[in-house]
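Asks: Structure below; questions to follow.
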Amino acid sequence: MKMRAIARGLILALTLSPVMMGTGFAQSGPLRIEVTDGVIEPLPIAVPSFVAENAAAKNLAEEISRVVVSDLVGSGLFREIPREAHIANVTNFDAAVRYADWKAINAQGLVTGAVSVQGKRVIVKFRLFDVFSDKPLGDGLQFAGSTDAWRRMAHKVADAAYSRITGEGPYFDSRVVFVSEAGPKGQRQKRLAVMDYDGANVQYLTDSTSIVLGPRFSPTGDRVLYTSYETGSPRIYALDVASVSRRVLDSQAATLSFSPRFAPDGDTVVFSRSQNGNSDIYTMSVRGGAQKRLTSSPAIDTGPSYSPDGKQIVFESDRSGNQQIYVMSADGGEPKRISFGAGRYGTPVWSPRGDYIAFTKQNKGRFHIGVMRTDGSEERLLTSSFLDEGPTWAPNGRVIMFMRETSGANGTSSLYSVDLTGRNLKRVPTPLGASDPAWSPLQK
Amino acid sequence: MKNYTKLILVALSLTLAACSNSPLSGGFGGNQNGLDGPGVGDGSADDPTSVAYFMQTIGDRVLFDVDQSTLNDAGRTLLSQQATWLNSNPAYMVLVEGHADEQGTRAYNLALGDRRATAARAYLVSQGVDASRLSTVTFGKERPLEICSQEACYSQNRRAVIILSGGINS
């Protein structure tokens, strides 16, 4: 597309400039945001209430448009122009857009939509406009589904708008599995829960009779691996999200297993297994069978995570004397240390885009979430607190969620998200305390 | 007789729970478990074969230095006393819990707690306790005994805890 090509030229120019454009977006430029380039000013957008195409759609039309705004504004890249300021009224989805009215209120992007409800089925249409170029950005799209899934359709609309403007992959239509926490600090009750990425639609997957830790989605999002004390000591389990049926994966006596994660093939599981007080990295099929040992050091080797091509594994080890990050072949072999800064590094997670590794860093009594290139270069700390831990990547590799625990006897855990540049740090709402988030892939 | 014992044990458990901040109290699993059974004393601290005696006179907790699983002098001394007692009271089975303070990441602390429990177990074995009586479990940073966020609490949370249970009918 010609406009895209022009936009890319402009982005390249911005990227090469070491100085951020303090004023954000030139009003006459194309509708485009570069996520990794430190956007200073959120892009002003207008999202008039979606048009209800029949009476049954009246409430949903408004709710869907609110979720679209919440997604876009929540990304930190957009600012909503309040509806009170709108000049034009959008009452007909197919009517010509009055660009002058939107320019007059300085809306750079315009999202319009229409919703119709037939029985249990909802159909959502949307269009995105580049106001200052007087033209649509991409074609109109239509999503259809069950009325129960209306929030997903709102996320799909927001994802399409986000992707067209940023050029990044979508991430709003995704879920997060996490550990819901209740009770006092010394006797914390933990249970697995799953929710939409924005905290809506919380569902519990286990009860709180056993400690559960570190859930991780399968590449298709239908299964979760986690660690549970169901038998009295930590063991890894696989849980089917739809049926919540679960089974233990590693039940060998005299060993314990934890820190599981799927390989991109959706079958192989990499995890830590400990015998005689020594933790090493192993793999096995999620269907069971033989285990393959990948590390054999007397060190604590844990926290394994595959590269998205499945060829390498990043993990943490204290073989050098304290926790550091290493990369090895997915078949094992000699690991290469990639973290060399001050302090300790743990919980490495390979970005789904393959370009960065996120980690937890401890230094001088503080915890940080950070990212580095896969060779350890360009280390950048995104957060700092008493206890930040356990980063997980959004499906587009541009946003990170993690847990933050406050100090003291009344300390509690919450989920936070932050973008790759360290901007837009915010709490993700959960009904109770929450820890160990893991982001799902984009839903199909 | 058995019911009578249970009543006493319930009372004892409540006492233990009530002083859970005392350095003499049990670990996460608690020594409330498996207190009845042959070969086990009447539950009073005056009975040198009782769990209460073990906890009050010897102590069930071994503490570790920051990020360490190597036993220090105090730890070895305590474990030696525990081993002597366990060798005199062979009906008890032992679960060694390993714990870490909150200053660490979750999986690492699980592995660290595992190392601590294993180190304590190995020392008991070296002092003559039959290995088949000893098992281990790690709780990482999941079950702190003291909940402040200062070294005074952290030092109590970096621990291995001996949990006793009656062995013959368990």
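The values are calculated or read from the model by the stated rules, or taken from the named source; none is laboratory data. Keep in mind the model is a prediction, meaning the values are calculated, not measured. Glycine gets a Cβ as well: all are built from the backbone with ideal geometry, and neighbour counts include every protein chain shown.
Asks: If you go through segment A:310-329, how many residues are outside any strand (DSSP E or B) and away from chain B (no Cβ under 14 Å)?
Replies: Residues that pass the stated criteria total 2.
Asks: Condition (residue is in a strand (DSSP E or B), at pLDDT 95 or above and more than 12 Å from chain A (Cβ to nearest Cβ)) applied to segment B:94-106: is it met by at least one residue?
Replies: yes
Quick grid of which residues meet (1) under 21 Å from A:Thr166 (Cβ atoms); (2) touching a residue at least 24 places away in the same chain (Cβ under 8 Å); (3) of a type in the set (S, T, N, Q):
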{"site": "A:Arg353", "(1), (2), (3)": "yes, yes, no"}
{"site": "A:Lys361", "(1), (2), (3)": "no, no, no"}
{"site": "A:Ile369", "(1), (2), (3)": "no, yes, no"}
{"site": "A:Ser385", "(1), (2), (3)": "no, no, yes"}
{"site": "A:Ile400", "(1), (2), (3)": "yes, yes, no"}
{"site": "A:Gly411", "(1), (2), (3)": "no, yes, no"}
{"site": "A:Tyr416", "(1), (2), (3)": "no, yes, no"}
{"site": "A:Thr421", "(1), (2), (3)": "yes, yes, yes"}
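One line per residue, one yes/no per condition, for (1) without any contact (Cβ under 8 Å) to a residue 24 or more places away in the chain; (2) touching a helix residue (DSSP H, G or I) at 6+ places or on another chain (Cβ under 8 Å); (3) more than 30 Å from A:Val428 (Cβ to Cβ):
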{"position": "A:Leu60", "(1), (2), (3)": "no, yes, no"}
{"position": "A:Leu77", "(1), (2), (3)": "no, yes, no"}
{"position": "A:Asn92", "(1), (2), (3)": "no, no, yes"}
{"position": "A:Ala100", "(1), (2), (3)": "yes, no, yes"}
{"position": "A:Ala107", "(1), (2), (3)": "no, yes, no"}
{"position": "A:Phe129", "(1), (2), (3)": "no, yes, yes"}
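Asks: May I ask you to say which residue of A:Arg344, A:Arg337, A:Arg293, A:Arg353 is closer than 20 Å to A:Thr227 by Cβ and charged (D, E, K, R)?
Replies: A:Arg293
Asks: Applying the selection to segment A:211-248, what residues are part of a loop (DSSP other than H, G, I, E, B) and crowded, with 17+ Cβ neighbours inside 10 Å?
Replies: Passing the criteria: A:Ile211, A:Ser218, A:Pro219, A:Gly221, A:Tyr229, A:Ser233, A:Pro234, A:Val241.
Asks: Given the criteria of a type in the set (D, E, K, R), closer than 30 Å to A:Ala161 by Cα and within 14 Å of chain B (Cβ to nearest Cβ), does A:Arg188 qualify?
Replies: When the stated conditions are applied, A:Arg188 does not pass them.
Asks: Here's something else I'd like to know. Can you tell me which of (1) surrounded by fewer than 24 Cβ atoms within 10 Å (Cβ to Cβ); (2) at the interface with chain A (Cβ under 8 Å from one of its Cβ atoms); (3) not hydroxyl-bearing (Ser, Thr, Tyr) is the one B:Ala111 doesn't meet?
Replies: It is condition (1) that B:Ala111 fails.
Asks: A follow-up question, please. Out of A:Ala161, A:Ala144, A:Ala200, which single residue is in a helix (DSSP H, G or I) and either touching a residue at least 12 places away in the same chain (Cβ under 8 Å) or more than 24 Å from A:Asn424 (Cβ to Cβ) (or both)?
Replies: A:Ala161
Asks: Any chance you could count how many residues in segment A:330-385 are within 19 Å of A:Ile313 (Cα to Cα), within 14 Å of chain B (Cβ to nearest Cβ) and among the hydrophobic types (A, V, I, L, M, F, W, C)?
Replies: Matching residues across segment A:330-385 total 3.
Asks: Checking A:Ala394 against (1) out of contact with any strand residue (DSSP E or B) (no Cβ under 7 Å at 6 or more places or on another chain); (2) buried (at least 23 other Cβ atoms within 10 Å of the Cβ); (3) of a type in the set (A, V, I, L, M, F, W, C): exactly one of these is not met. Which one?
Replies: Here A:Ala394 clears every test but (1).
Asks: Criterion first (in contact with a strand residue (DSSP E or B) (Cβ under 7 Å, 6 or more places away or on another chain), of a type in the set (Gly, Ala, Ser) and away from chain B (no Cβ under 14 Å)) does A:Ser233 satisfy it?
Replies: Here the answer is no, as A:Ser233 does not meet what is asked.
Asks: Here is a check on your reading of the model: is A:Lys444 modelled with pLDDT under 95 and among the charged types (D, E, K, R)?
Replies: yes
Asks: Let me ask something else. Are any residues in segment B:124-155 part of a strand (DSSP E or B), within 11 Å of chain A (Cβ to nearest Cβ) and farther than 14 Å from B:Gly104 by Cα, and if so, which ones?
Replies: B:Ser135, B:Thr136, B:Val137, B:Thr138
Asks: Of the numbered conditions (1) surrounded by fewer than 22 Cβ atoms within 10 Å (Cβ to Cβ); (2) in a loop (DSSP other than H, G, I, E, B); (3) at pLDDT 95 or above, B:Ser80 satisfies every one except a single condition; which is it?
Replies: The one condition B:Ser80 does not meet is (2).
Asks: Something else about it: Scan segment A:266-296 residue by residue and report those that are out of contact with any strand residue (DSSP E or B) (no Cβ under 7 Å at 6 or more places or on another chain), modelled with pLDDT of 95 or more and within 12 Å of chain B (Cβ to nearest Cβ).
Replies: A:Asn278
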